[in-house]
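One structure below.
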Amino acid sequence: MIVSSSLPRRLRTLALFALSLSTAGVAAQEPLHCVSDLTLDRVVILMRHGVRAPLDGEVPHGTRTARPWPVWNTRESELTPRGAQALMAAARADRAEWAARGLVSAHGCLARDSIRIWTNSASRTIASGQAYAAGLAPDCMVPVRHKSLGTVDPLFEPLRARATRFDATAAIADIGRFTGGMDALVARNRPALTLLDQVLGCGDPRGCDPAGAPRLTPSADGHGIDLSGPIRTASGTAQVLLLQYAEGLAPSVGGLPVDGAVLARLGTVHAALFDIYSRSPYMAAHQSAVFGRHMINALTAKNGAKVDMLVGHDTNVTALAALLGFDLIAPGYASNDAAPGGAILIERWHDPRGRAFVTVRYRTQSPDQIRTQSAATTVTPVRVRGCPADAPCPLNRFVALFRDGLAPLAR
């Protein structure tokens with residue numbers, strides 16, 4: 001069966017879904033398994049970097065507060081020591097679970113070809129990969145690979161790398177359909193924007209944030225999009241409040257005190273940024289286009305690593321979740337606000353007859369768990385759109401759905 005690329009995407013998805021059923025043979029006709037009946041043989045992971053110091057301008061210049069912002073001991077944008085410790089704890093928890101499932105040994109070094117970690121070329125993602133590797137196999141020098149520091153890696157930054165045939169006008173139109181428009185997006189987030197003013201406590205009736213009218217336009221080079229207005233400015237401020245809380249710094253800048261519940265409410269404005277940059281169908285397809293193909297190859301390669309991890313950014317994690325059709329839900333965070341160190345785990349299993357299946361889960365630590373340096377993690381099963389609701393997804397069906405959502409690569 002040949003599925004023409006000239007068909008509309010919805011029809012191609014249905015055709016590929018039918019193809020996955022027809023090629024699954026007996027596996028598609030027989031009852032699906034519970035995970036307890038299966039053996040874990042591979043895990044492919046996309047993880048956001050851990051807690052970092054704020055970026056320059058992340059809290060927009062001109063933002064007013066009742067008291068000065070806390071002083072960070074970590075340089076701008078770098079992974080913090082507490083962020084590294086949280087990633088090491090997550091790695092230990094991951095390994096303990098994989099060992100219980102028989103994927104890896106519980107202790108000692110892992111075979112070099114059994115673990116592959118590739119990070120983006122930013123210092124915080126490289127350090128995050130190294131911290132995770134140190135927690136996974138202490139004193140074992142697990143390789144953490146990446147491009148040269150600062151080099152654009154199309155896996156994680158496909159728009160900057162011009163890796164896809166990105167059309168900014170088409171992207172903006174699709175974002176408009178997905179969000180209802182910038183004015184509607186701001187209106188939906190007005191309660192969180194009001195709460196942010198209370199947290200900042202500047203006492204200015206005009207508000208504490210220097211935002212103007214919302215506007216979404218093509219970037220100057222036509223290979224991206226630019227957002228201005230309340231969501232753009234407030235999202236960075238909300239993220240800095242979360243990061244400083246998780247880092248154990250003062251939980252207030254003089255207004256309403258910040259705790260986990262307040263952070264989750266503020267997180268809606270940070271999550272709204274992803275409605276624009278990574279969660280609409282067009283943006284998810286392009287943002288995921290390169291790392292998605294890497295993950296499919298890692299999942300299906302005959303002799304792939306048992307654990308294949310990519311370490312990137314919140315836009316990567318939110319794009320993958322949107323592409324696969326689920327929301328990022330985790331304790332302590334707003335819906336679809338990617339957690340620092342949070343990871344999407346795609347797990348491959350086989351049954352006694354060798355038939356392959358997939359499950360997907362989202363692993364996080366809450367801001368309070370990071371702040372208190374807890375060893376606990378939360379792992380939440382998710383359902384991939386087009387896969388069974390109550391059983392593992394046949395591998396061929398999952399791969400067909402995944403691949404069909406990816407934008408074509410530039411030639």
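The values are calculated or read from the model by the stated rules, or taken from the named source; none is laboratory data. All values reported here derive from a predicted model rather than from experimental measurement. With ideal geometry, Cβ positions are generated from the backbone for all residues, glycine too; neighbour counts draw on all protein chains shown. Remember, those area values only see protein heavy atoms, side chains included, never the ligands or the DNA or RNA. Shrake-Rupley method; radii C 1.70, N 1.55, O 1.52, S 1.80 Å.
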Karplus ³J(HN,Hα) for the stretch 311-322 (6.51 cos²θ - 1.76 cosθ + 1.60, θ = phi - 60°; Hz, whole; x = Gly/Pro) runs 10, x, 9, 5, 5, 5, 5, 5, 5, 5, 4, 5
Roughly how tilted is helix 81-100, in degrees to the nearest 10 and between 0 and 90, from the longest Cα axis of the chain?
20 degrees
Quickly rank 365-374, 56-65 as a protection proxy: mean count of other C-beta atoms within 10 Å, highest first.
365-374, 56-65
Provide the three semi-axes, in whole Å and in decreasing order, of the ellipsoid equivalent to the stretch 337-411 as defined by the square roots of 5 times the Cα gyration tensor eigenvalues.
28, 19, 10
What percent does the relative contact order of the stretch 44-203 come to when contacts are Cα pairs within less than 8 Å and at least six residues apart?
22 percent
Amide H contacts under 5 Å for residue 225, restricted to residues at least 5 apart in sequence or on another chain and with H modeled in the peptide plane, are 219
Estimated vicinal HN-Hα couplings, Hz - the stretch 133-150 in sequence order (Karplus 6.51, -1.76, 1.60; Gly, Pro = x):
4, 5, x, 5, 8, x, 6, 10, 6, 5, x, 10, 9, 5, 6, 4, 3, x
Would you mind checking which residues have amide H under 5 Å from residue 42's amide H? H placed 1.01 Å from N; only 5 or more apart, or other chain.
348
Output for the stretch 283-385 (equivalent-ellipsoid semi-axes, sqrt of 5λ from the C-alpha gyration tensor, Å, descending) is 25, 17, 13
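How large is the charge dipole for the chain, taken about the Cα centre, if only the Cβ atoms of Lys, Arg (+1) and Asp, Glu (-1) carry charge, to the nearest 20 debye?
Using Cβ point charges on Lys, Arg, Asp and Glu, the chain gives about 820 debye.
Where does each of 110-121, 173-184 land if you order them by average Cβ count within 10 Å, highest first? Intermediate values should be presented prior to the final figure.
Working: 110-121: 18.8, 173-184: 16.1.
Ranking the peptides 110-121, 173-184 by packing returns 110-121, 173-184.
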Hull volume per residue for the chain, using the convex hull of the C-alpha atoms, in Å³ is 142 Å³
Extension gain (nm, one decimal) between residue 353 and residue 111, 0.36 nm per residue minus Cα-Cα
84.5 nm
Calculate, for the chain, the solvent-accessible area per residue in square angstrom, rolling a 1.4 angstrom probe over the heavy atoms of the protein chains.
42 Å²
From phi via Karplus (6.51, -1.76, 1.60), per-residue ³J(HN,Hα) for the stretch 367-379 in Hz, x at Gly/Pro
x, 5, 5, 5, 4, 8, 6, 5, 8, 7, 10, 10, 10
Under Stokes-Einstein, with the Kirkwood radius over Cα pairs standing in for Rh, what whole-number D in µm²/s applies to the stretch 219-368 at 37 °C and 0.692 mPa s?
192 µm²/s
The stretch 94-246: translational diffusion in µm²/s, Stokes-Einstein, Kirkwood Rh over Cα pairs, 10 °C, 1.306 mPa s:
81 µm²/s
